[in-house]
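A short worksheet on the structure shown next.
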């Protein structure tokens, strides 16, 4: 694996994000570990070893994302890989989820994904290279449908065509070198 690669993994201080960051770090990729909890993120970086760097940011603070990504890019010199892993779940039955609760899920699982992808894509365009990876972990028929619907809105055109298409179209337009997985 190329030891000069730089990755950003959102929601990487636990679960599948941590596992992804571990795989990258173990393969010599400098990996920025994103999490909103400073203590937990620093602990994850310590466990991941010297290739892990903390990127502490609550992605719900959309206005902070551009500056934070710009600082990361300046520090690292580039961003080659973005893994959009961060997401939240409301462990409630679908019929019990309120509009406000669902809006909070969409904010994290769709709007933050868009904002991070947009800002990282700007960096990738300057370098004429990069890969943006979306990860979903929801079961389509799960009775806790709030997360399922919001996660699918990130990746399934049939569930939310305008947002999914908009993200993919924007990123494809930026450069042919950006690979969308």
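The values are calculated or read from the model by the stated rules, or taken from the named source; none is laboratory data. Computed from a prediction, not measured in an experiment: that's the story for all the values here. Virtual Cβ from ideal backbone geometry, glycine too; neighbours counted across all protein chains shown.
Okay, here's what the table says:
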read-out	value
Number of the exception - residue 46 against (1) closer than 27 Å to residue 127 by Cβ; (2) assigned to a helix (DSSP H, G or I)	(1)
Test: residue in the range 89-104 that is buried (at least 21 other Cβ atoms within 10 Å of the Cβ) and touching a residue at least 40 places away in the same chain (Cβ under 8 Å)	no
Test: residue 65 is within 20 Å of residue 7 (Cα to Cα) and either modelled with pLDDT of 95 or more or assigned to a loop (DSSP other than H, G, I, E, B) (or both)	yes
Looking only at the range 106-131, and only at residues there that are closer than 17 Å to residue 11 by Cα and touching a strand residue (DSSP E or B) at 6+ places or on another chain (Cβ under 6 Å), the one that is modelled with the lowest pLDDT	113
Filtered residues of the range 51-62 (kept if in contact (Cβ under 8 Å) with a residue 24 or more places away in the chain and in a loop (DSSP other than H, G, I, E, B))	51, 59, 60
Qualifying positions in the range 40-75 - out of contact with any strand residue (DSSP E or B) (no Cβ under 7 Å at 6 or more places or on another chain), surrounded by 14 or more Cβ atoms within 10 Å (Cβ to Cβ) and within 24 Å of residue 118 (Cα to Cα)	58, 59, 60, 62, 65, 66, 68, 69, 73
Among residues of the range 16-39, those that are touching a residue at least 12 places away in the same chain (Cβ under 8 Å), farther than 19 Å from residue 80 by Cβ and exposed (fewer than 14 other Cβ atoms within 10 Å of the Cβ), counted	2
